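The values are calculated or read from the model by the stated rules, or taken from the named source; none is laboratory data. Computed from a predicted structure; not experimentally measured. Quick reminder, even Gly has a Cβ in these numbers, built from the backbone with ideal geometry, and neighbours come from all protein chains shown.
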Amino acid sequence: MSTSETLSGPGMLARIGLANWRQNIIYIGFVVIFLIFALTLNDKGFLNPNNLLNIVRQTAMIAVMAIAMTFVLSSGEIDLSVGAVAGLASVTAAIAIDAGGMFFGVAAGLATGIAVGVFNGLLTTRIGIPSFLTTLAMMGIAKGVAMWVSDTAAVPIIEPAYSWLFGGGSIGIIPVLLIWMLVLGVIGHFVLKRTGFGRRVLATGGGETAARYSGIDTRSIKFRVLIISSMAAALAGMLYAGRLQSGRFQLGEGDELSVIAAAVLGGTSLFGGYGTVIGTIVGALMIGLINNGLILMGLEFSQQLIARGGIIILAVALSQKRS
Amino acid sequence: MDEGKAPDGKRPGKGTGMTGSIHAVDMRGISKHFGGVKALIDVDFQVGAGEIHALLGGNGAGKSTILKVLNGVHVPNAGSIEICGKTITEMSPEASRKAGVAMIFQEMSLIPTLTVAQNVFLTREAKTGTGLIDDKVAERKAKELFDMLEVEVNPKALVGDLGAGQRQLTEIVKAISQDARVLVLDEPSTALSVSDVERLFAFLRKLKAKGVAIIYVSHRMDEIARIADRATILRDGRHVITAPLADLPIDTMIEHIVGKRSRGLADVTREEVDLGEPLLELDNVSGLHKPKDVSLTVHRGEVVGLAGLLGSGRSSLARVIAGIDPIQSGEIRVAGTPIQIARPRDAIDARIALVPEARATQGIIAAHSVASNLTMAVLDHVSSGSIINNHAVRETADHQIKHLSIKTATREHAVSTLSGGNQQKVVIGKWLAADPDILILDEPTAGIDIGSKSEIIRLVRDLAKAGKAVLMISSELSELLTACDRIVVMSEGHTAGTYGRHNLDDPDLSADDAMHQLQAAEQKLQFHIQEALKHQGTAHVH
């Protein structure tokens, strides 16, 4: 395969899934919104590199969770517990760091994600409760547990190495968070598009019966994507904790909506079968961009919420395939 | 059950028609119960390597169940299964597939959101050196397979964008790519054009020569007679007979399937009906792509057939008349009055009813009761204000159940519990409840056994006799010839000719040999369709 063939022209566009404009309205929208903000908010420092890197810092956690959510949605399931699980993992990681140091903390955070994922996965695939309900219930359970073990108080993290690696640090001007986002994004993209697992995820969501008849263990696929999602949520929680140098149950609260919106904005189908990790990351960045722009415009929080909701609805409506 | 025994009392598997000594499939004493329902009772089923074996039976005979047992979807309550000499102790779809069984399902087993090539090689993707999936290789390999089959399917196309015929071909190629040693084809020709069927048959013979065992399920007797070596007939979950095709004339086959003397479609007598005034008139009607400039008249009391290949615009025409697809130009008149049809509601108000092609998705809500389905189109009639009147629902439902002799345990049973033929009657009943003047039937007998088929055709004749104008689409020419007064052939969206019965009936044949007459007419019509394809839109015989 020659590089000239793969890196240029429509071949390249098709390769990364840009051939269909309607599915890829997100890229156009991203550029348009960026330009509008750049023109109207330049005097307020929108284009200042620090501001742009801040957008990345604020978006990274959403992006990490949304990469995994792309798999969940592609398989025809949903995970509403990600925000609460992020909060829980931030608390368990912080407590474990205090008790046994950084590696113990990281292990505790990831173990939290695995435990929740196994729980979600078993209830959904073995008992057959729709993931919508399983994870809705888990949202409350995770939050409750986080409040309980932390006594509803913030748990401080006094471990500079942890804080640097998980969220606070930067290499030169590149924030570590950006590296997390990009590395996970690249891995996610290739796993979804170019591995047998990714293909099975898309097949499961595209037509579950047909996938089963083709010899795919669709229950195992769904089980695994739910675990991946919870682990990504736990990682996002640890990133929040590193950045703020403390674990709190409120971290990640309400993020599930931004995470799902990011994936759907990016072109992933809520009904399964289609998914794009690159689109998801751009979707997450776009949500961060909108938040940032609305704040710079001086809108009140109430107005921000309304404007953000409107923009997301518009973008999703444009990206829908016409039937 | 006496009439069910083989004429010579032979037991299956010991027949003389075997081409090899090793059974590719050897199923013995298979029983399967679903709750109290006995779907299979002590059924033996053997298929030799290099044999094309027809599996026949009416709806509910147990065909799908035994195939699902073979495929590992259902675990039998009793019996043993051997595939290619290996006893399979624990059946599962995976085990069956590994043993070499590949099944082409009636309900498609393709993922609509993946491409053709991705579907063909699903779970067996080609990898690059680094272990990543390489779809380019898959597309090339898929292309080679399609070339071998001599069919045109774009490996890069999304399956969801393909028509039914191309999807079917993709599915067969998918199975073939798995080096299947036992290939199960369930109604493979339903969606295929005449020439595609020829290609399929040529290909099946190639596979047969390579020693592949092929199980062929079809309701089309003519196809079975042409392609199969032997046939096994099931009825009511029991094995009736296994015999070489040579020992099974069509009449005998039908007798075994139906269980009583029946001549299938030849049973339907056609009374000549005096035609009334024109009820439905189309004047140069065009849709978005198809149909193109179609002019057509259907009189009161007349059944007009629409023949043609898949994609010839027959269903598109039906959808335009029913207001589902927009009309671009031309005029539709009902009883002489021009009407505007912009939405399905407009057509229903003009007393036009469409019984759609895809029963499962467009016709019924399978999980809902028979009564609820039958009253779906007339909710206004069975409601007082906005409250549904249960008494009216029961009355309407019971009337249709009786009128169409729908076989259901009660009116409250889910439609999914009914056989295909009875489900189709529910769809027809649903629209008859609205008392339409003009009835459009799109493939009303697809996937229905021969017994129910002739019942549906008889019903169509009765509706015409009762003064309705009927437009009927079918890919089975014998059916059109039995039901219709006139047949319009469509090609590429145009009408390519109209044939009255006098064009088709052969005066040289004795009129009382109905079966023979029918076959001769079918040949002629077949010929006309092929001709229409050659001379696009120029052929006008009448």
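Taking the stretch B:427-459 on its own, how many of its residues are of a type in the set (Val, Ile, Thr), at pLDDT 90 or above and surrounded by 24 or more Cβ atoms within 10 Å (Cβ to Cβ)? I'd like the intermediate steps shown before the answer.
Going through the stretch B:427-459, the residues of a type in the set (Val, Ile, Thr) turn out to be B:427-428, B:438, B:440, B:445, B:448, B:450, B:456-457.
From what is left, the residues that are at pLDDT 90 or above are B:438, B:440.
Subset that is surrounded by 24 or more Cβ atoms within 10 Å (Cβ to Cβ): B:440.
Count: 1.
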Conditions (1) over 17 Å from B:MET472 (Cα atoms); (2) touching a Pro at 6+ places or on another chain (Cβ under 6 Å); (3) not charged (D, E, K, R); number of the one not met by B:GLY313: (1)
Residues of the stretch B:93-122 classified as surrounded by fewer than 20 Cβ atoms within 10 Å (Cβ to Cβ), at pLDDT 85 or above and in a loop (DSSP other than H, G, I, E, B), total: 2
Boolean, A:VAL186 is farther than 29 Å from B:LYS136 by Cβ, surrounded by fewer than 17 Cβ atoms within 10 Å (Cβ to Cβ) and either among the small types (Gly, Ala, Ser) or at pLDDT 95 or above (or both): no
Qualifying positions in the stretch B:179-236 - over 16 Å from B:LEU169 (Cβ atoms), over 22 Å from the mean Cα position of the chain (by Cα) and of a type in the set (Gly, Ala, Ser): B:ALA209, B:GLY211, B:ALA213
Pairs, first buried (at least 23 other Cβ atoms within 10 Å of the Cβ) in the stretch B:301-314, second among the small types (Gly, Ala, Ser), C-beta under 7 Å, six or more apart: B:VAL303/B:ALA464; B:VAL303/B:ALA483; B:GLY305/B:SER474; B:GLY305/B:ALA483; B:GLY308/B:SER491; B:SER312/B:SER491; B:GLY313/B:GLY493; B:ARG314/B:GLY308
Residue in the stretch B:66-89 that is surrounded by fewer than 20 Cβ atoms within 10 Å (Cβ to Cβ), within 14 Å of chain A (Cβ to nearest Cβ) and among the aliphatic types (A, V, I, L, M) present: yes
Test result for B:ASP161, under 23 Å from the mean Cα position of the chain (by Cα) and closer than 26 Å to B:GLY308 by Cα: yes
Residue in the stretch B:94-116 that is free of Cβ contacts under 8 Å to residues at least 12 places away in the same chain and more than 10 Å from every other protein chain (Cβ to nearest Cβ) present: no
Among (1) within 14 Å of chain B (Cβ to nearest Cβ); (2) crowded, with 24+ Cβ neighbours inside 10 Å; (3) of a type in the set (S, T, N, Q), the one test that A:THR195 misses: (2)
From B:GLU125, B:GLU139, residue being of a type in the set (Asp, Glu), in a helix (DSSP H, G or I) and either farther than 14 Å from B:ALA180 by Cβ or within 14 Å of chain A (Cβ to nearest Cβ) (or both): B:GLU139
From B:VAL273, B:VAL240, B:VAL298, residue being at pLDDT 90 or above and either charged (D, E, K, R) or over 30 Å from B:GLN46 (Cα atoms) (or both): B:VAL298
Residue, nearest to B:LYS127 (Cα to Cα), within the stretch A:199-210, restricted to residues that are surrounded by 24 or more Cβ atoms within 10 Å (Cβ to Cβ) and more than 8 Å from chain B (Cβ to nearest Cβ): A:VAL201
Which numbered condition B:THR190 fails, given (1) at pLDDT below 85; (2) assigned to a loop (DSSP other than H, G, I, E, B); (3) surrounded by fewer than 18 Cβ atoms within 10 Å (Cβ to Cβ): (3)
Members of the stretch B:66-103 found to be among the polar types (S, T, N, Q), under 29 Å from the mean Cα position of the chain (by Cα) and farther than 18 Å from B:LEU55 by Cβ, listed by number: B:SER92
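From the list A:LEU251, A:LEU257, pick out the single residue that is at pLDDT 95 or above and away from every other protein chain (no Cβ under 14 Å). Let's see the steps before the verdict.
Details: A:LEU257 fails: at pLDDT 95 or above.
Going through A:LEU251, A:LEU257 in turn, the sole match is A:LEU251.
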Among (1) part of a helix (DSSP H, G or I); (2) at pLDDT 90 or above - the single one B:LYS156 does not satisfy: (1)
Wholly within the stretch A:227-323, helices (runs of 4 or more DSSP H) carrying at least 1 residues that are under 17 Å from A:MET181 (Cα atoms): A:255-265, A:277-296
Selection from the stretch A:211-245 of residues that are within 14 Å of chain B (Cβ to nearest Cβ) and surrounded by fewer than 24 Cβ atoms within 10 Å (Cβ to Cβ): A:ARG212, A:TYR213, A:SER214, A:GLY215, A:ILE216, A:ASP217, A:THR218, A:ARG219, A:SER220
From B:ALA61, B:ALA54, residue being more than 30 Å from A:SER75 (Cβ to Cβ), in contact with a Lys or Arg (Cβ under 6 Å, 6 or more places away or on another chain) and either within 11 Å of chain A (Cβ to nearest Cβ) or not in a helix (DSSP H, G or I) (or both): B:ALA61
Total residues in the stretch A:106-136, condition surrounded by 16 or more Cβ atoms within 10 Å (Cβ to Cβ), free of Cβ contacts under 8 Å to residues at least 60 places away in the same chain and closer than 14 Å to A:MET238 by Cα: 2
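Would you list the helices (runs of 4 or more DSSP H) that sit entirely within the stretch A:115-212 and hold 2 or more residues that are under 21 Å from A:GLY252 (Cβ atoms)? Full working, then the answer.
Details: elements: A:131-150, A:160-163, A:176-194, A:196-206.
So the answer is A:131-150, A:160-163, A:176-194.
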Residues that are over 17 Å from A:THR135 (Cα atoms) and touching a Phe, Trp or Tyr at 6+ places or on another chain (Cβ under 8 Å), drawn from the stretch A:249-263: A:LEU251
Residue that is modelled with the lowest pLDDT, among those in the stretch B:460-516 that are charged (D, E, K, R) and under 25 Å from B:LEU432 (Cβ atoms): B:GLU476
Test: residue in the stretch B:146-159 that is at the interface with chain A (Cβ under 9 Å from one of its Cβ atoms) and small (Gly, Ala, Ser): no
